[in-house]
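Have a look at the structure below before the remarks.
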Amino acid sequence: MLTPPVMSTPDGQATTDAASLTSELQQRFLIALNDAITRGRSPGHDIGLGLQTLAEMTLVAQSHPDATAEHLAEAYDTFNSEHR
C-alpha cells in the first residue's frame, strides 16, 4: 500500500493530499507504460498500481514492439477505472 505523500502548506504545516497521490500514481503509470511500449518491460508489482492495470500493461509489454492503439486504450481505461 502506498503511503500518501506528505507535503508542506505555505505556513509549514505537513499535509497529505489525495490529489498528489493520484498525480504520483499517474506519473508511475505513464513511466511504466512507456517502458512497456518502448522496451517490452512489464511493470513491477511494487509501484502501487492495481492488479488489473498491471495486467493490461503486461499485455502491452508482451506485444512489444507491436502494441496496438487498443492495447494502450485498455491500459489507460483500466488505470482510470481503478485509480480515479
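The values are calculated or read from the model by the stated rules, or taken from the named source; none is laboratory data. Just so it is clear, the model here is predicted, and its values are computed rather than measured. For neighbour counting, all protein chains shown are included, and Cβ atoms are generated from backbone atoms with ideal geometry for every residue, glycine included.
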Revision key, fill the gap. Expected single match for modelled with pLDDT under 95 and either exposed (fewer than 15 other Cβ atoms within 10 Å of the Cβ) or assigned to a loop (DSSP other than H, G, I, E, B) (or both) among PRO10, PRO43 is PRO10
Point to revise | Unmet criterion (only one of (1) at pLDDT 95 or above; (2) touching a helix residue (DSSP H, G or I) at 6+ places or on another chain (Cβ under 8 Å)) for THR22 | key: (1)
Review point. For region 26-39, what are the residues that are surrounded by 15 or more Cβ atoms within 10 Å (Cβ to Cβ) and either hydroxyl-bearing (Ser, Thr, Tyr) or more than 8 Å from the chain's Cα centre (by Cα) (or both)?
Key: ASP35, ALA36, ILE37
**Study point:** Scope region 46-65; condition among the aliphatic types (A, V, I, L, M) and either assigned to a helix (DSSP H, G or I) or farther than 21 Å from ARG84 by Cβ (or both); matching residues
**Key:** ILE47, LEU51, LEU54, ALA55, MET57, LEU59, VAL60, ALA61
Practice item. Please identify the pairs in which a residue from region 20-35 that is acidic (Asp, Glu) has its Cβ atom under 9 Å from the Cβ atom of a residue that is modelled with pLDDT of 95 or more, counting only partners at least 6 apart or on another chain. Key: ASP35/ARG41; ASP35/SER42; ASP35/PRO43; ASP35/MET57; ASP35/ALA61
